[in-house]
Amino acid sequence: TALFPASPLALPGLVVFSSDTTVSAHVDAASGRVTLLDNSAQHVQVTVLAVNGGGGSGGSGGSGVAAETQVRFACNLNPVLGDVDLGRLTGLLLAALDAE
């Protein structure tokens, strides 16, 4: 499900998307559409920034970030034909273990 189903955004530049990796997931900076590229042993984080273009109240007049949030998810793809998939079917591939 797309955050903004219409492409391109009706108000471009007000929301910016980024990811902490380009190896296992790609996020389109303008639309927020995430494409899984590979499995990942760790959660991937997408950051969503609502950009303040300035001119609002407060007298600063400058641009900056008005709001920010992060979304974390697991990249766990189904195996292709002839491939072997080790690990969990959903979530992170392998669970973290506590060393004793």
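The values are calculated or read from the model by the stated rules, or taken from the named source; none is laboratory data. Computed from a predicted model, the values in this text were never measured in an experiment. Every residue, glycine among them, receives a Cβ derived from its backbone with ideal geometry; neighbour counts consider all protein chains shown. These area figures cover heavy atoms from the full protein model, side chains too; ligands, DNA and RNA do not enter into them. Shrake-Rupley method; radii C 1.70, N 1.55, O 1.52, S 1.80 Å.
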Order these peptides, 69-77, 82-90, by their mean beta-carbon neighbour count within 10 angstrom, highest first. 69-77, 82-90
Which FRET efficiency value, to the nearest 0.05, is calculated for Leu81 and Gln45 with the Förster distance at 35 angstrom and r the Cβ-Cβ distance? 0.70
Please report the accessible area of Ser18 (heavy atoms, 1.4 Å probe, ligands and nucleic acids excluded) in Å², nearest 10. 50
Hey, can you grab everything whose amide H is under 5 Å from the amide H of Ala66? Only 5+ residues off in sequence or another chain; H modelled, so Pro and N-termini drop out. Ala50, Val51, Asn52
Per residue of the range 38-50, in order, report the coupling 6.51 cos²θ - 1.76 cosθ + 1.60 (Karplus, θ = phi - 60°) as ³J(HN,Hα) in whole Hz, putting x for Gly and Pro. 6, 5, 9, 6, 10, 5, 9, 10, 10, 9, 10, 10, 8
